[in-house]
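Structure first, commentary second.
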Amino acid sequence: MSLFRDFFIALSNSTYLNETAKRIGPRMGADKVVAGNTIEQLIETIERLNDKNIEVTVDNLGEFVGTEAEANQAKNEILEVMQAVKDYNVDAHMSVKLSSLGAEFDLNLAYENLREILLKADEFDKMHINIDTEKYQSLQQIIEVLDKLKGEFKNVGTVIQAYLYDADDLLDKYSDLRLRLVKGAYKEEANIAYQTKEEIDENYIRLIEKRLLNARNFTSIATHDDRIINHVKQFAKDHHIDKDNFEFQMLYGFRSELAEQIAREGYHFTIYVPYGNDWFAYFMRRLAERPQNLALAYQEFVSTETLKKVGLASAVGIGSLTILSGAVKLFRK
Ligand SMILES: Cc1cc2nc3c(=O)[nH]c(=O)nc-3n(C[C@H](O)[C@H](O)[C@H](O)COP(=O)(O)OP(=O)(O)OC[C@H]3O[C@@H](n4cnc5c(N)ncnc54)[C@H](O)[C@@H]3O)c2cc1C
């Protein structure tokens with residue numbers, strides 16, 4: 001499975017494919033896991049989820065930002081979503097990536113952009129702003145920006161990736177912030193991160209337990225893994241941890257029935273809803289995580305027209321695509 005994972009992570013990192021995909025809009029099944037690219041479509045999705053007692057965290061898609069104008073545009077789009085959340089009075093907050101705000105070429109610009117978002121969030125009932133974690137090489141940037149902002153704003157938090165050896169230290173460092181705990185979605189080297197599923201799961205559970213016992217702020221446990229979810233429910237019961245101290249989170253389009261069931265059981269639940277045109281990297285990471293997700297993509301992935309449009313055919317070669325298309329059929333069974 002590691003080969004599949006490496007393959008899709010490599011695709012997610014291609015600037016060329018991301019740019020081409022942005023122009024043609026969500027394809028290959030991505031529309032099932034991305035909530036459209038207009039504010040109206042987004043608000044409709046949020047309302048539908050809110051009706052089921054599910055909150056939303058919105059991710060304005062976009063990671064390959066190379067100019068100040070693009071970074072400012074990303075910031076403005078985030079402000080626009082926040083305004084709509086307020087205007088339509090829906091239950092949602094924001095998840096932002098520093099890369100989309102310009103961090104890859106000007107960290108100060110990303111900091112200023114995020115600060116502007118937080119100032120606006122203060123006006124909107126202190127809407128929570130989560131800084132998503134990305135590749136390990138950008139972690140120091142998040143730490144630098146967060147350390148500057150966390151004194152000024154109470155409504156900022158981040159994500160702890162359990163595959164990192166650093167995760168435990170980060171959990172301690174940010175114990176007073178609202179945190180999301182995840183397994184980790186990127187490909188990291190063995191000197192930085194655990195490599196096997198067993199090691200990652202074990203560390204994930206250990207960090208969740210430590211956090212729930214010591215947390216000084218709200219905790220989001222973001223996973224589709226029912227084994228871990230059941231473990232957390234039991235752990236919380238055994239240790240008399242109030243349901244108001246934590247929530248579960250899942251990504252839009254995955255395990256919706258389970259999400260709704262958990263919300264009906266009275267747990268806080270938030271769905272992470274990606275929105276916008278820049279869908280490709282996000283979608284490729286989801287395929288990397290779970291080959292069965294290829295089933296989402298079946299109809300269009302094997303359509304040569306779509307492959308040509310996205311530019312996959314020329315980027316990875318026909319041989320790879322034949323293998324890929326065979327794999328799609330296999331996982332669909
Ligand atoms: C809300 C949210 C926010 C996230 N934010 C970040 C972030 O900021 N930074 C980051 O690095 N990563 C982030 N991630 C991604 C995360 O790190 C993982 O890569 C991703 O969640 C996959 O791991 P998992 O815990 O869901 O379980 P996996 O290890 O992928 O799956 C474990 C088991 O769960 C079951 N399962 C999983 N998915 C399904 C499904 N679709 N249908 C049926 N069964 C399923 C299967 O039994 C599977 O074997 C986020 C994830 C979520 C849910």
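The values are calculated or read from the model by the stated rules, or taken from the named source; none is laboratory data. The shown structure was predicted, so the numbers you read here are calculated from the model rather than taken from an experiment. So basically every Cβ, Gly included, is an ideal-geometry build from the backbone, and we count neighbours across all protein chains shown.
Worth a mention:
- One residue from 108, 50, 37 being more than 18 Å from residue 283 (Cβ to Cβ), more than 16 Å from the ligand (Cβ to nearest atom), touching a residue at least 12 places away in the same chain (Cβ under 8 Å) and among the polar types (S, T, N, Q): 50
- Any hit, the range 37-60, residues being among the charged types (D, E, K, R) and at pLDDT below 85: no
- Assessment of the range 4-19 against the conditions (of a type in the set (Lys, Arg), surrounded by fewer than 17 Cβ atoms within 10 Å (Cβ to Cβ) and modelled with pLDDT under 75) yields no matching residue.
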